[in-house]
Every structure is written in structure tokens, then in C-alpha cells.
Amino acid sequence: MLKLMMPLTPTRDLNKVFQSSDQSPTVAGWVQARRDHGGLIFIDLRDCHGIIQIVFRPENKALFDQAQTLRKEWVIEVGGRLQKRTAGMENPLVATGQLEIAVDNLIILNQAKTPPITTTDQAILPNEDKRLKYRYLDLRRPTMQKNLKYRASFYKVIRDFMEEAEFTEVPTPILANSSPEGARDFLVPSRLHQGKFYALPQAPQQFKQLLMVGGLSRYYQIASCFRDEDPRADRLYGDFYQLDLEMSFVSEGRVVRQTVEPLVKKLIVDFGQMSLLGDKFFEMTYRQAFEAYGTDKPDLRYDLKIQDLSTIFKSTEAEVLKKALEAGGSIKSLAIDSTLSNKQFSDLIVLAQSRGAKGLAWLTYTDQHWQGPLAKFLSIEELKQIRTTFKLQNHQTVFLLADQSSKLALTVLGAVREQLADWLNLKNEAIVSAVWIVDFPFYEQDEQSGQLVFGHNPFSKPKNSLDNKDKLQILADQYDLVLNGYEVCSGAVRNHDPKQLILAFQNIGYSQDEVEQKFGALLEAFQYGAPPHAGCAFGLDRLLMILLRESNIRQLVAFPKSGSGVDLMMDSPSNINKTQAKELGIHKS
């Protein structure tokens, strides 16, 4: 047998090896550090399981001379005797810190240039673009190794749960048709059918519904999804992964929610080692969430609720408040048990303006005195009612936002609320607040065009008639699961009536021909006996980000795109040559 084909001992098993009769392991890995001490050469050898110290002694001159050539990140294999370190030289920070290997033989498997980035977890890392450029080196860091292993364990927990719950894993096509599902498609030109395009699926939506028509009772897959959306700290660019599932003969969303809650709790408590707020899943309507927290993704770990103070100021003389009310608007407010610096007040005003507000008013209540730019314009009675509403005691601050658009006022205060929570350290990272948001509006009005658009998933079942004259009053049996202010799951009861599905699209301007062209297979399938069905999909990257308490979702993926949507390592997107363009029927000058 060749030497390199002999089984290697992982560093994680060396403590067990030391307790056995065979204490002559063969290990391989990367040189992390080299130290020359008093005629001895010490090497920290790293593999994906950990680090072990190896030592070369000058008695074996050929071996010792070979060890002197070793440099950082060289790949080597060593065999030798496992022994305890000299007293006082132990390293309690690593699992094998009591042991070392006295090397008897050394094979240099590969040399390495000096790495352009660190392969250790330092306090200050290189900028992200550089780490993505050399991602294969960045992956050697212990944190990245840990995250990749956690991801694999995370998937195993999910698959074990789904199989036990009698879901069947079914892969669905990657090359599909383009459909209006809320985001931009990635299009793939066809060589065999020039002028036509495939689309990479934003989600396996139509396919999983067709599986229900096909007689499958419970479907799931860990699906690759593709959306041409701008990246964020909590959203990858291009491709991402979701736990996609569907259940047949289900007519109410609560059935799906009750089915997946044990999985989510298991991931939070057992896998993430975190606590579930109140040890339960909360539930509120879309409208309740927006009115209390200014968002449909509320973080319930901190109790800062927005209040409507419009009635308090119905006779106000404060011009900015008066104008908003006369224009049919409202006055929204929230309070904190703290005062802020002038810079923080200024930063909040800038934040409010960046979200579309004209400004943000604030008042501080300290030692029974009111301060703030608006204080002198308010009556004694108005100030008294503010104090009563928020039960103000001392050293507290009230924020007021007046606008003719109540939704804008709520949205801006929602952003202010989140910023305040960061400043005041109100987000307990060891706790997860889980809340289901239900009863989403079926349609919304686009702020720029004024036209009706789908508020959420176009395939959802309406909770009231689609013939309703006021289309904005139609609700959908849709539901989102929000953890700590992040949407991690979205689902709905499906509209399995082909006539109703066509009408849903007609209400926003699609013709029947357009709908049949986009969703012909689904509509035709529904005419052959479609069971009622419902499902949901979890954004796995975002969920894992919460469970591992990471602030950047790209830390959890082996090879992500950069913040500008570029693969800096593989240099993509890239140009194609003229031959490729000709084969695809694409003009290339």
C-alpha cells in the first residue's frame, strides 16, 4: 500500500489515540505556525478538526533539516509518537493542548506561496472583497470551518424532521419558465430554440403545486432559488436556498403553521442553543403589526410600541401637526426610557428623511420639565396627555412624526424603533422572538405608478371575494414567520380554483390569454381534480444567520457573491465569445 493511501488520524481523535495501545498516528494538514526553540522545531499543524503541535529533534539531522524548510500553509504529512507535552508547556485553548507528536517521518505534500490573507480568526480581518477574492483561503479560518459544519448539521436536523413527518423529498427543475413572482428572473437563452429563454426559478412554486395535483400528500426539498435582487446583509445575491414544502388536503394556514412550529423550535432551542421568547409562537395580523411596530417584520424582544396621538392634537396650534391632520394624515409616536445626545437626535432626523419623512420631532421629559424643539408649541393639556399616554416618569424621550400618509409615518417610526433598539442594547442575542404575521392584503397600490400589484404571493387563496369593489380590502390567507425582525418563512393556502386564479391576475391588468400563457400547465392541471393545498418556504441562509448570531449572511455560504453581485474569485459575470453568442442567437459586436 502506498504511504499516501494509509488512513490518516484526524486531530479530533488524538486524545482517544493517546489512551489506546497504538500511539503512533499519521496526521496531515497545513502548517499554521513554526517556532524554533533551543534546537527544537515546533509546528502547529492544522486540519479541519483542529490543531496539534508536532516537534522535530536535531538527533535526526535529515528530518530536522527538512523541517527547517517548512513555511506557513505548506501541506505536510507526518508520522510519529504521540506524547504528553512538557509540564508548563500545555495549551488549554485547544482540545489537543496536552499532547504533541514527536515526528519520525515527514512528507511534504505541497508547498505554498505566502497567503495574501490570514487563515486565522484575527480581531481585524481583511476587507470582505479581498476575502471573497481568496475565498478558498478564507475558508481555512476556524470560524468559516465551524459555519460550514453547522450548515451541514442544520440540514440534517431539517431532513430528519421532514422524513419523520412523512414528507417526501422531490427535486424540481432548475430550467423553467419566467413568471411574475415578485422579483426579477435570471434568464437563460436557449441554443436549440433560439430567441426563447428559460428562467432560473425564483422558487419551485408551480412545480410543488403540480406535485399536489399529481397525488403527493406531503412534499419538501432544500431548493436552490434564483432572484436578481439587490444584495443586503441578510439577503444573498443570485442564488439562495430554502426549505420548500407543500401539503395537500389543507384548507387553513394554521395547519401548516402548526406542522412546522416543532421544527423551528427544535432549531432554535436544540440546534441554536437559544431561548424562545415566552416559549411560544405569537400571532398578529399584518395590520396589527404595522400599527404597533411600523413593519410587517416586528422584533418583539423589546417592547417599544407606536401610538397614534392624532386625537390629542385635534385642536393643536402646532403648525406642523395641524397641517398633517388637515391633510387627512395622522400623528404617530413612540417613547423610550432614556435620553439621547444631540448627535443621536440629528442622526434620527437624517434617518427619517432618508425614509421619506420631512422630519422627526422629539420631546424629553426630565424632572417634570419638557424640552425639545416642539415643546414650546404644545399646550399644557397636550403635554399632559402625552405624559399620561406613555406613563412618563423621568429621563424619557418621546418621538412624534406627522404626515398625511399614515403608512409612511408608521414605516419611518418602525425604522427609528429599530435604530433605538440598537443604541439602547435592547436586542438580547440569546433570545428569539417568533411571530406569525397573518391576513396580508391581497393587493397593494404601487407608490410610484398608483396601479394595483400583488401584496404577496399571487397564487394565494383570498379570504374574501375577489369581486370586492375595494380591492385593497381583500385579504389573503398568507402568513410569514418573523424571527427577531427577520422574515424567515413565507407561506399561504393556495388558490386551486382556475377561474379564481385567472380573476386574481385580471384584477391587476393581466388578460386571460396572458395568464394562460404564463401559467398554462398549472391552470390546465387544476381542471383535472386539484386538492386544496397549502405550504410555505423557509429562507435557510437567513434562518441560519439568526441561529449562529452572524451579522452578515455571506459568512454562512461557501462561495457567495460580493455586495455588488460579483464573484470576485471566479470573475463572474463575464463576457462570452462570438462563437457562443452565435450559437445562442445573440448579437455580439
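The values are calculated or read from the model by the stated rules, or taken from the named source; none is laboratory data. Keep in mind the model is a prediction, meaning the values are calculated, not measured. Cβ atoms come from the backbone with ideal geometry, glycine included; neighbour counts cover every protein chain shown. Calculation scope for accessible area: heavy atoms of the full protein, side chains included, ligands and nucleic acids excluded. Shrake-Rupley method; radii C 1.70, N 1.55, O 1.52, S 1.80 Å.
Observations on the model:
- Other residues lying with their Cβ under 9 Å from the Cβ of Ser24 contribute a combined charge of -1, Lys and Arg counting +1, Asp and Glu -1.
- Restriction of the GluC sites (Glu not before Pro) in region 316-412 to DSSP coil positions whose beta-carbon has at most 15 other beta-carbons within 10 angstrom yields Glu317.
- Distances between placed amide hydrogens fall under 5 Å for Glu283 paired with Trp436, all partners being 5 or more residues away or on another chain.
- Nonpolar atom fraction for the chain, defined as the carbon and sulfur part of the 1.4 Å probe accessible area, stands at 50 percent.
- Cα-based shape type of region 483-589, given that a ≥ b ≥ c are square roots of the gyration tensor eigenvalues and the cut on a/c is 1.5: oblate
- Rounded to the nearest 20 debye, dipole of the chain from Cβ charges on Lys, Arg, Asp, Glu: 1380
- For a paramagnetic label modelled on Ser341 (point 7 Å from Cα along Cα→Cβ), amide N atoms under 20 Å away belong, within region 411-435, to 416-427.
- Positive dipole terminus of the chain, leading residue within Leu267, Val557, Ile474 (C-beta point charges): Val557
- Pairs from Lys332/Lys471; Lys196/Lys469; Lys196/Lys297; Lys323/Lys391 whose Cα-Cα separation, in the structure shown, is over 29 Å: Lys196/Lys469; Lys196/Lys297
- Residues in region 514-521 carry Karplus couplings, in order, of 5, 5, 5, 5, 6, 10, x, 5 Hz; the curve used is 6.51 cos²θ - 1.76 cosθ + 1.60 with θ = phi - 60°, and Gly or Pro positions show x.
- Solution diffusion estimate, µm²/s, Stokes-Einstein, region 191-241, Kirkwood Rh from C-alpha pairs, 10 °C, viscosity 1.306 mPa s: 119
- Between the beta carbons of Ile107 and Asp160, assuming R0 = 51 Å, the FRET efficiency works out to 0.80 to the nearest 0.05.
- 10 Å Cβ shell holding at most 15 others, DSSP loop, chymotrypsin sites (Phe, Trp or Tyr not before Pro): longest site-free stretch of the chain: 250-527
- Hydrodynamic radius (Kirkwood) for region 389-440, which is based on Cα pairs only, to one decimal in Å: 13.9
- Solvent-accessible surface of the chain, averaged per residue with a 1.4 angstrom probe and all protein chains in place: 51 square angstrom.
- The lysines whose alpha-carbon is closer than 18 Å to the alpha-carbon of Lys561, local same-chain residues fewer than 8 away aside, are Lys130, Lys133.
- Taking Cβ atoms as reference points and 9 Å as the exclusive limit, the residues near Ala289 contribute a net charge of 0, counting Lys and Arg as +1 and Asp and Glu as -1.
- GluC sites (Glu not before Pro) lying in DSSP loop within region 99-169, provided at most 12 other Cβ fall within 10 Å: Glu166
- Annotation: aspartates and glutamates with alpha-carbon distance below 12 angstrom to Lys280 (same-chain offsets under eight excluded): Glu261.
- Rounded to the nearest 20 debye, dipole of region 106-203 from Cβ charges on Lys, Arg, Asp, Glu: 700
- Gain on full extension, evaluated as 0.36 nm per residue between Asp22 and Lys280 minus their Cα-Cα distance, stands at 87.8 nm.
- The angle between the Cα long axis of helix 142-164 and the longest principal axis of the Cα atoms of the chain comes to about 60 degrees, rounded to the nearest 10.
- Taking a ≥ b ≥ c as the square roots of the Cα gyration tensor eigenvalues, region 349-465 comes out prolate, since a/c reaches at least 1.5 and a/b is larger than b/c.
- With both labels modelled 7 Å from their Cα along Cα-to-Cβ, the Leu452 to Glu550 distance reads 4.2 nm.
- The chain: C-alpha gyration tensor shape, a/c 1.5 cut-off, then a/b vs b/c: oblate
- Tilt relative to the chain, helix 342-354 - C-alpha long axis, 0 to 90 degrees, to 10: 70
- Summing charges over neighbours of Phe64, with a neighbour being any other residue whose Cβ is under 11 Å away from its Cβ, gives -1 when K and R count +1 and D and E count -1.
- The average projected area of region 330-389, computed from the convex hull of its Cα atoms over all directions, is 4.7 nm².
- Straight Cα distances below 16 angstrom link Lys578 to the lysines Lys588, with same-chain residues fewer than 8 positions distant left out.
- Ordering of 45-51, 407-413 by burial proxy (mean other Cβ atoms within 10 Å per residue, highest first): 407-413, 45-51
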